[in-house]
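Before any comments, here is the structure.
The values are calculated or read from the model by the stated rules, or taken from the named source; none is laboratory data. Everything quoted here is computed from the prediction, not taken from an experiment. Positions of Cβ are backbone-derived with ideal geometry, glycine not excepted, and every protein chain shown enters the neighbour counts.
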């Protein structure tokens, strides 16, 4: 958008947010929900279509009605302008250009949290995080993150000082972008993505969107020396896409026909990106295809070289470029900071310092400037406080679900090694996708894996895969 | 969009069309307009802000209220699906894939025309065309087109058989696309387009869109051997863009703050594309810049070679690739056909035959298949009957307005030859753009040029420029 359009878009966003809020909080909707809730036939079985839809409708109706209309429109207007200033600030690596807008976003988020309210022993961050992941609370997140951080930091230290270092050759090859696109497309086809109900295009930031279960849109990005990112990004977005295409079509456009949560959504993308795309079995299948697709540029690389390059562990300061092990530490930094921003214990002005201090402590890296530091992500410019941990939850869910798939499906690796990913896709279709949001995320996890969410599967996965790679 | 999304989008479009119609026809709006019309202060001066806005609001309110809601939603749904089938039909050059949908669109358009109604001596086409160009009637269009066609056909025959044939070298050069984009951008900058309130991107079909006077978006397309089209397309869309950026900002989002008509809009794009971009003076300025931008690929071409290549006249069967002289004949074919389709005198099934017959008669070309014939344009698939003549009106308005600019602004060619296009832009800003739709298109024409619209200026322009080029 040209800079001239900023004010007008802010007014439009505000207008639209106001209208949506007005419709969503119409007392008639509340009356209808109450009427249905009073009908025993509709709610007797909590996992019935009607009861599940009512549960979700009630949640969003109650949440929406807690906010006054002027707060909703002011937030929409401010976010729209703040995002513009965040872009400028990041371009110029000048935090001060964004600071006043971050302050405004923080103030509006704290007012929003107050409207939602929080229970005894809870805190403002909880009130906001509930909108991204039902039931997620800062205290629980902390209880998972603290031991996870310790184990990950120990693992990363082991790996970085390990006696072996993986091949990095694949990270340096230069491959024609058209051939990369064709290869990524072939992989996504093998994953089982239905092109009659989806497509893939280019964009600055990869994403998965669409309009309904039969129209799912992926995007990806390519650099001629960025094949590893392009493949990872493509499989990641296609993982989201398989979830969307696997939603129960008969419930399309109703609450049940949508994802169980952001964390579950992210588990689907991470599973294909990390548990499939960075596995030995996948590369047994992919290696000869790489040689066929890219010829002499990769013919000197072995199957093992490619597998190793996909599994480098290297602490850095950019979240979206982080490897499978360090990624979670990036999330922990953000979670800790947004929690104290919401509690009023940290002022926006002190954010860069606190950000950089944690990057040094957790990842051992010196952040060179704020563009590569606290200005790198769009989320806070859009007023999204409480969102980041859903990324880490995604990794945890993915690991736990994948362990279950391994135990349910014999010879998963043999299938992958032959390029047959349908056993995984079928399992996910049946145990995750088809349920939409019939069950809340935590219930879905128990139903699918038999256990509540735990960090152990992810740690087992990372330690089990990475230690041998680094000769530890 | 993937094919799976067709049905859902059709439902969405139908839903949106229904809501917009419901809001636009709310009796309260009618009451408010009537109340204002009864206030002498508001309507005493017909060119005052209030009177002009009321005139436009009344027009659109009365028009909207003539349509029943179910026709509006059915049209939206059908158009959306018909466009999908048109794409398939064009891809396969198979008219029969589109025919049933064209029939449905025709039937809906005729029902729509009946709802709008038409005066004695008028016809269904008039009722529809009014929505694209206020006051445009088939009889008047025919009265202009018939002599225009005769003179153009005679001119084209002269040229094609002329003793000289222009250089076509520029049409065959292969130029890097990035360098083409940079060049087109520089030309648009020289035209005076304000990049702080606009931008340009790539798309399959060039267009000009945006959200408000301060956010105007252009697109263009490039082929490495398609520089002439890229330059023409870029200047064309930028001409539309200058009009949008020149609208009275204080009236943004009200009727006055919008274009006077589609014909006037097209006059702005055609003026820059044809009257500037295909002029000798422009190429005096552009030639050294071309050599600087593209080096040896064009250094063998003289200023004259480039000017000539921009002015080739060659009858063909594709409208959007047609030259300045033959373009209008393409429009006449479409006008004649949609007129009889609306009158019920032509059945959809007979369209290909009648289309091809006219192309042979008017342009002397044999249409090789329906993809390059009656399936080439999107308009009828979207239910737009009565739109095409606005393109030709644009050429007529452009010629008449440009004659006036020439007479008002001394040394226009000297300015162009120096790359100074501001005298033209300033004149247009003052006499056309700043008025928005304060005046109806026909009134604006008289105010700006002193005369009602006539075909003479366009014929003078074409004959005066093209005959010498072909040694006639």
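Listed values, structure above:
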{"quantity": "Any hit, the stretch A:236-244, residues being modelled with pLDDT of 95 or more, more than 20 Å from the chain's Cα centre (by Cα) and within 14 Å of chain B (Cβ to nearest Cβ)", "calculated": "no"}
{"quantity": "Some residue of the stretch B:204-212 being buried (at least 23 other Cβ atoms within 10 Å of the Cβ), under 13 Å from residue A:3 (Cα atoms) and either within 12 Å of chain A (Cβ to nearest Cβ) or in contact with a helix residue (DSSP H, G or I) (Cβ under 9 Å, 6 or more places away or on another chain) (or both)", "calculated": "no"}
{"quantity": "Filter pass, residue A:223 being at pLDDT 95 or above, away from every other protein chain (no Cβ under 14 Å) and in contact with a helix residue (DSSP H, G or I) (Cβ under 9 Å, 6 or more places away or on another chain)", "calculated": "yes"}
{"quantity": "Some residue of the stretch B:256-263 being within 14 Å of chain A (Cβ to nearest Cβ), in contact with a helix residue (DSSP H, G or I) (Cβ under 7 Å, 6 or more places away or on another chain) and farther than 18 Å from residue B:177 by Cβ", "calculated": "yes"}
{"quantity": "Members of the stretch B:101-141 found to be surrounded by fewer than 19 Cβ atoms within 10 Å (Cβ to Cβ), in contact (Cβ under 8 Å) with a residue 40 or more places away in the chain and farther than 30 Å from residue B:88 by Cα, listed by number", "calculated": "B:115, B:116, B:117, B:123, B:134, B:135"}
{"quantity": "Search result, residues across the stretch B:1-53 that are over 30 Å from residue A:213 (Cβ atoms), touching a helix residue (DSSP H, G or I) at 6+ places or on another chain (Cβ under 9 Å), without any contact (Cβ under 8 Å) to a residue 24 or more places away in the chain and part of a loop (DSSP other than H, G, I, E, B)", "calculated": "B:39, B:44, B:45, B:46, B:48"}
{"quantity": "Selection status of residue A:152, crowded, with 21+ Cβ neighbours inside 10 Å and assigned by TED's automatic domain parsing to the domain that holds residue A:469", "calculated": "yes"}
{"quantity": "Single residue of the stretch A:289-328 satisfying the filter (touching a helix residue (DSSP H, G or I) at 6+ places or on another chain (Cβ under 7 Å) and either without any contact (Cβ under 8 Å) to a residue 40 or more places away in the chain or on the phi > 0 side of the Ramachandran plot (or both)) that is surrounded by the fewest Cβ atoms within 10 Å (Cβ to Cβ)", "calculated": "A:299"}
{"quantity": "Where residue B:194 falls short, out of the listed (1) within 14 Å of chain A (Cβ to nearest Cβ); (2) crowded, with 18+ Cβ neighbours inside 10 Å; (3) more than 20 Å from the chain's Cα centre (by Cα)", "calculated": "(2)"}
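Here is a yes/no grid of residues against (1) farther than 21 Å from residue A:83 by Cα; (2) away from chain B (no Cβ under 11 Å):
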residue	(1), (2)
A:2	no, no
A:6	no, no
A:9	no, no
A:17	no, yes
A:26	yes, yes
A:39	yes, yes
A:43	yes, yes
A:47	yes, yes
